[in-house]
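Novice: Before we start, here is the structure in question, set down as structure tokens.
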Amino acid sequence: MTSIISVQNLRKTYGKIIAVADISFEVAQGEIFGFLGPNGAGKTTTVECLQALRDPDSGKISVIGLDPLRQAQELRRRIGSQLQESALPDRIKVWEALDLFASVTDKISDWHPLLEQWGLAEKRKSSFAALSGGQKQRLFIALSLVNNPEVVFLDEMTTGLDPAARRVAWDLIRAVRDRGTTVVLVTHFMDEAENLCDRVAIVDKGKIVASDSPQGLIASYATGVRVLFSTDKPDLAFLEKVSGVKNVTRRGDRVEVEGSGPLLALVAAALVEHDIVPPDLRVEQPSLEDVFLKVTGRAVVD
């Protein structure tokens, strides 16, 4: 693996508050690397240290072979940043913001395609203040890409976007990665990390508690499946004898069967054998949310 980012024993505190306790990781060139975790876990502080926006208390950082502490100016010319909290002057127009950002880069940059790519073409002459929250978010992402960065940092990229716009954003970020740009994505959306990232680091209380590809994490920490259905039949003890079943939980008419293997097929066969044919029978595969619950003991929204 050719590392474009290397971090060793990063630590950052604010008085008695430990934002980053001890974080080490590497990001390969040309991958989408995600930080997943709840607010306050230390994700944003970590990536701000990587971008020379905050000085760490200790640890070693290398981004594109540069030290953010000593080579901040050169580093900022070669990376792109979409911060969690950003703002522009209310009266600046969309095209003016893109043109301004392009004018201060030392690369030849045509910002016009970004208008179409990020759904801003019809708003090119609109002022920043007139944009919706989702449009502002898309503009900030476009601005982070205007200098054709070698690494782009996206902090809560799709917050404020509707589901359709989120999917479009995912496709565009994959295209950015495919052109050779390394993407560091900070998110608390499980589905975003699972669908978009090549590798994920789960951060909790200032530490990385697990790191691997999304499927690797699921395979390591959340191997079971769940079959869900509704029924008013009182006696379901027969399900506990079905091969692969580990647990049967009932809440009113709602039933959840946990287990492994071809659980859906076996549970369905057992139900039919007992004249139970629930119309809402479905299976839930393990997800990153299950991994997060297992390695942290709490939900991402806590």
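The values are calculated or read from the model by the stated rules, or taken from the named source; none is laboratory data. Keep in mind that what you see is a predicted model, and the values were worked out from it rather than measured. Don't worry about glycine lacking a Cβ; one is built from the backbone with ideal geometry, like all the others, and counts go over all protein chains shown.
Novice: Take Glu96 and decide whether it is among the acidic types (Asp, Glu), closer than 29 Å to Leu131 by Cβ and within 24 Å of the chain's Cα centre (by Cα).
Specialist: Answer is no for this residue.
Novice: Please specify each residue of the stretch 260-281 satisfying the condition of being on the phi > 0 side of the Ramachandran plot and of a type in the set (Gly, Ala, Ser).
Specialist: Residue satisfying the conditions is Gly261 alone.
Novice: Please find, among Ala169, Ala165, Ala193, Ala175, the residue that is of a type in the set (Gly, Ala, Ser), touching a Lys or Arg at 6+ places or on another chain (Cβ under 9 Å) and either without any contact (Cβ under 8 Å) to a residue 24 or more places away in the chain or crowded, with 19+ Cβ neighbours inside 10 Å (or both).
Specialist: Ala169
Novice: What residue, among those in the stretch 178-190 that are touching an Asp or Glu at 6+ places or on another chain (Cβ under 8 Å) and either acidic (Asp, Glu) or crowded, with 23+ Cβ neighbours inside 10 Å (or both), is farthest from Leu131 (Cα to Cα)?
Specialist: Thr182
Novice: Of the residues that sit in the stretch 203-227 and are surrounded by 15 or more Cβ atoms within 10 Å (Cβ to Cβ) and over 30 Å from Gly59 (Cβ atoms), which one is farthest from the chain's Cα centre (by Cα)?
Specialist: My answer is Val227.
Novice: What are the pairs, 6+ residues apart or on separate chains, where a residue within the stretch 50-70 that is under 15 Å from Ser81 (Cα atoms) has its Cβ under 7 Å from a residue that is of a type in the set (Asp, Glu) and assigned to a loop (DSSP other than H, G, I, E, B)?
Specialist: So the pair list comes out as Ile64/Glu150.
Novice: Here is a list: Ser144, Ser86. Which entry is touching a Lys or Arg at 6+ places or on another chain (Cβ under 9 Å) and either assigned by TED's automatic domain parsing to the domain that holds Cys49 or more than 30 Å from Ile4 (Cα to Cα) (or both)?
Specialist: When all the criteria are applied, what remains is Ser86.
Novice: Additional query: Could you grab me the full set of residues in the stretch 21-35 that are farther than 14 Å from Val176 by Cβ and of a type in the set (Val, Ile, Thr)?
Specialist: Ile23, Val27
Novice: Against the definition (farther than 30 Å from Ile173 by Cα, aromatic (Phe, Trp, Tyr), without any contact (Cβ under 8 Å) to a residue 40 or more places away in the chain and outside the structural domain of Gly59 (by TED's automatic domain parsing)), how does Phe238 come out, yes or no?
Specialist: yes
Novice: Let me spell it out: the conditions are (1) touching a residue at least 40 places away in the same chain (Cβ under 8 Å); (2) assigned by TED's automatic domain parsing to the domain that holds Ala270, and Gly244 meets all of them except one. Which number is the exception?
Specialist: Only one criterion in (1) touching a residue at least 40 places away in the same chain (Cβ under 8 Å); (2) assigned by TED's automatic domain parsing to the domain that holds Ala270 is unmet by Gly244, namely (1).
Novice: Taking only the stretch 58-69 into account, find how many residues are at pLDDT 95 or above and over 18 Å from Ser3 (Cα atoms).
Specialist: 1
Novice: Here is a further query. With respect to Asp99, is the statement that it is in a helix (DSSP H, G or I), in contact with a Phe, Trp or Tyr (Cβ under 7 Å, 6 or more places away or on another chain) and over 25 Å from Thr182 (Cβ atoms) true?
Specialist: yes
Novice: Out of the residues in the stretch 147-195 that are in contact with a helix residue (DSSP H, G or I) (Cβ under 8 Å, 6 or more places away or on another chain) and either of a type in the set (Gly, Ala, Ser) or outside the structural domain of Gly65 (by TED's automatic domain parsing) (or both), which is farthest from Phe35 (Cα to Cα)?
Specialist: Here the answer is Ala165.
Novice: Sort out which residues of the stretch 237-272 are closer than 28 Å to Gly297 by Cα, of a type in the set (Val, Ile, Thr) and either in a loop (DSSP other than H, G, I, E, B) or touching a helix residue (DSSP H, G or I) at 6+ places or on another chain (Cβ under 9 Å) (or both), and write them in order of number.
Specialist: Those that are closer than 28 Å to Gly297 by Cα, of a type in the set (Val, Ile, Thr) and either in a loop (DSSP other than H, G, I, E, B) or touching a helix residue (DSSP H, G or I) at 6+ places or on another chain (Cβ under 9 Å) (or both): Val245, Val248, Val255, Val257.
Novice: Quick check on Glu31: is it among the acidic types (Asp, Glu) and surrounded by 14 or more Cβ atoms within 10 Å (Cβ to Cβ)?
Specialist: In short, yes.
Let's see how each residue does on (1) modelled with pLDDT under 90; (2) closer than 30 Å to Ser62 by Cα; (3) surrounded by 22 or more Cβ atoms within 10 Å (Cβ to Cβ):
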| position | (1), (2), (3) |
| --- | --- |
| Leu83 | yes, yes, no |
| Glu96 | no, no, no |
| Leu120 | no, no, no |
| Ala130 | no, no, no |
| Lys136 | no, no, no |
| Ile141 | no, yes, yes |
| Ser144 | no, yes, yes |
| Pro149 | no, yes, yes |
| Val152 | no, yes, yes |
